[in-house]
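All remarks here apply to the structure that follows.
The values are calculated or read from the model by the stated rules, or taken from the named source; none is laboratory data. A quick note: this is a predicted structure, and the numbers were derived from the prediction, not measured. Note that each Cβ is placed from the backbone with ideal geometry, even for glycine, and that neighbours are counted across all protein chains shown.
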Amino acid sequence: MIGRLALVLTACLLPLPSAGSDPVQLFEIALERHEAGTFYVRGRLGEDLETELLLDTGSTYVALTKDTFAAVRRQAEVVHVRDIEGTMAGGRTLRVPIYEVPLLELGATCVLHDIEVAVIPGATRNILGLSALQQLQPLTLSLEPPRLQFSQCPGRSQTTAAR
């Protein structure tokens, strides 16, 4: 039932092609469901750093652990953009550096460029937040099977779009 509802919502949320235009092309990223009920996306940062990102629509930024960021920084040119004061889920306020990372590939479908990432002190997982997801909109989340579908992909990888 949930899967069918997601398909109906997808059809309602995506723009309809105008007469004579190409049909809307959908891209798809498989999500992995973990035991806690959270969803993760396989991705690649920089040239070849494979990682797993927690899907979190409540996070303003893609957030990286210090270790992941250090690995990205060793292989790709990152640019410090600014520092912000961030309020964490528990209410704690931290000064958080924001960097621009040149490449984030999601699944084997989509390559995003110049993504702003936050490097969160004490973070234990990498997070896929709105600074990346906004580039894919409109998008839909399907829980059965777990996946993201979207119509925008600024830079596609060599894998073809889902049909």
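Looking at 72, 79, 119 in this structure, which one is under 16 Å from residue 46 (Cβ atoms) and in contact with a Lys or Arg (Cβ under 7 Å, 6 or more places away or on another chain)?
Exactly one residue qualifies, and that residue is 119.
Considering every residue within the stretch 92-109, establish whether at least one is among the polar types (S, T, N, Q), in contact (Cβ under 8 Å) with a residue 40 or more places away in the chain, outside any loop (DSSP other than H, G, I, E, B) and surrounded by 19 or more Cβ atoms within 10 Å (Cβ to Cβ).
Among the residues of the stretch 92-109, not one is among the polar types (S, T, N, Q), in contact (Cβ under 8 Å) with a residue 40 or more places away in the chain, outside any loop (DSSP other than H, G, I, E, B) and surrounded by 19 or more Cβ atoms within 10 Å (Cβ to Cβ), which makes the answer no.
Which is modelled with pLDDT under 95 and farther than 29 Å from residue 145 by Cβ, of 105, 77?
Details: 105 fails: farther than 29 Å from residue 145 by Cβ.
Going through 105, 77 in turn, just one is modelled with pLDDT under 95 and farther than 29 Å from residue 145 by Cβ: 77.
State all residues of the stretch 47-64 that are touching a strand residue (DSSP E or B) at 6+ places or on another chain (Cβ under 6 Å) and more than 19 Å from residue 140 (Cβ to Cβ); if no residue qualifies, say none.
Scanning the stretch 47-64 gives 50, 51, 52, 61, 62, 63, 64.
Across the stretch 134-156, what is the total count of residues that are out of contact with any helix residue (DSSP H, G or I) (no Cβ under 6 Å at 6 or more places or on another chain), surrounded by fewer than 21 Cβ atoms within 10 Å (Cβ to Cβ) and either under 23 Å from residue 79 (Cβ atoms) or not polar (S, T, N, Q) (or both)?
11
Would the stretch 43-54 turn up any residue that is under 24 Å from residue 122 (Cβ atoms), within 20 Å of the chain's Cα centre (by Cα) and at pLDDT below 90? Outline the logic, then answer.
If we filter the stretch 43-54 for residues that are under 24 Å from residue 122 (Cβ atoms), which is where we start, we get 43, 45-46, 49-54.
Retained after the next criterion (residues that are within 20 Å of the chain's Cα centre (by Cα)): 43, 45-46, 49-54.
With at pLDDT below 90 added as a condition, the list becomes 46.
Checked the stretch 43-54: at least one residue is under 24 Å from residue 122 (Cβ atoms), within 20 Å of the chain's Cα centre (by Cα) and at pLDDT below 90.
Take residue 68 and decide whether it is surrounded by fewer than 17 Cβ atoms within 10 Å (Cβ to Cβ) and among the polar types (S, T, N, Q). So that I can check it myself, show each step before the final result.
Values: surrounded by fewer than 17 Cβ atoms within 10 Å (Cβ to Cβ): no; among the polar types (S, T, N, Q): yes.
Answer is no for this residue.
Yes/no per residue for (1) in contact with a Pro (Cβ under 8 Å, 6 or more places away or on another chain); (2) hydrophobic (A, V, I, L, M, F, W, C); (3) over 15 Å from residue 49 (Cα atoms); (4) in a helix (DSSP H, G or I):
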| position | (1), (2), (3), (4) |
| --- | --- |
| 70 | no, yes, no, yes |
| 85 | no, no, yes, no |
| 116 | no, no, yes, no |
| 132 | no, yes, yes, yes |
| 141 | no, yes, yes, no |
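Which is at pLDDT below 90 and either touching a strand residue (DSSP E or B) at 6+ places or on another chain (Cβ under 9 Å) or more than 15 Å from residue 60 (Cα to Cα) (or both), of 128, 148, 136?
On inspection, the qualifying residue turns out to be 136.
Does the stretch 89-110 contain any residue that is more than 23 Å from residue 39 (Cβ to Cβ), out of contact with any His (no Cβ under 8 Å at 6 or more places or on another chain) and of a type in the set (Gly, Ala, Ser)?
yes
Hey, residue 119 hits all of (1) touching a Phe, Trp or Tyr at 6+ places or on another chain (Cβ under 9 Å); (2) surrounded by fewer than 17 Cβ atoms within 10 Å (Cβ to Cβ) but one; which does it fall short on?
So the condition that residue 119 fails would be (2).
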